[in-house]
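Let me begin by presenting the structure, written as structure tokens, before commenting on it.
FYI, it's all coordinate maths here, none of it is from the lab. Only a predicted model underlies this, so the values are computations on that prediction, with no experimental measurement involved. FYI the Cβ positions are ideal-geometry reconstructions off the backbone, even for glycines, and counts take in every protein chain you see.
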Amino acid sequence: MSRIGKRPVPLPAGVTASLSGQTIEVKGPKQTKTFTFTDDVTIEIGDDAITVHPRGKSKRARQQWGMSRTVVANLVQGSSEAFRKDLEIRGVGYRAQVQGNVLKLNLGLSHDVDFSIPEGVTVTAPKPTELVVEGHDKQLVGQVAANIRDWRRPEPYKGKGIRYKDEYIFQKEGKKK
């Protein structure tokens, strides 16, 4: 039984939702997004909340129930406020700067990394060792942050690399003589 799917998604002021078939459209002050659900779930739009129910007792219907409710919650939240991922860069000489639509990363490689920022996401560098990825699509923001992090993942001995702001890296001790 999905515990996430049971909770209704509240609609904040200024956000409206409309349903046509298996497609829901969420309009807010920041964006308008649509999502098409599978036939395993039904969606009901009330006065101040959206509820999702499974069709049947199959395992797939229960899986889609929780996932669909989470997608609706992300659409509602993204239509009124931006999602944000904070990254920090650790290492001697490691730094980042944003030039137009390109993120330039110096990560100790033999070349500088030029990462092109996709549409719908803004990347800012308040400090040379900090990055902020923001956007209204939660999946896209998380994917862009993960792609940036993949250029130099944090290593376990000194902790150098690109990490999420709240990420904890278990430090290994290293060799002893």
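Some values worked out for this structure:
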| item | result |
| --- | --- |
| Residue list for the range 125-165, restricted to those being under 28 Å from V92 (Cβ atoms), polar (S, T, N, Q) and surrounded by 13 or more Cβ atoms within 10 Å (Cβ to Cβ) | T129 |
| Residues satisfying the stated conditions in the range 20-36, i.e. exposed (fewer than 14 other Cβ atoms within 10 Å of the Cβ) and touching a helix residue (DSSP H, G or I) at 6+ places or on another chain (Cβ under 9 Å) | P29, T32, T34 |
| Per-region count, the range 1-19, residues over 26 Å from A82 (Cβ atoms), loosely packed, with under 12 Cβ neighbours inside 10 Å and not aliphatic (A, V, I, L, M) | 1 |
| Residue selected from the range 40-89 under the condition hydroxyl-bearing (S, T, Y) and within 19 Å of G142 (Cα to Cα), by the criterion nearest to the chain's Cα centre (by Cα) | T70 |
| Which listed residue is in a loop (DSSP other than H, G, I, E, B) and within 14 Å of A96 (Cα to Cα), from P118, P126 | P126 |
| Of all residues making up the range 93-106, the number that are in a loop (DSSP other than H, G, I, E, B) and either touching a residue at least 40 places away in the same chain (Cβ under 8 Å) or surrounded by 13 or more Cβ atoms within 10 Å (Cβ to Cβ) (or both) | 1 |
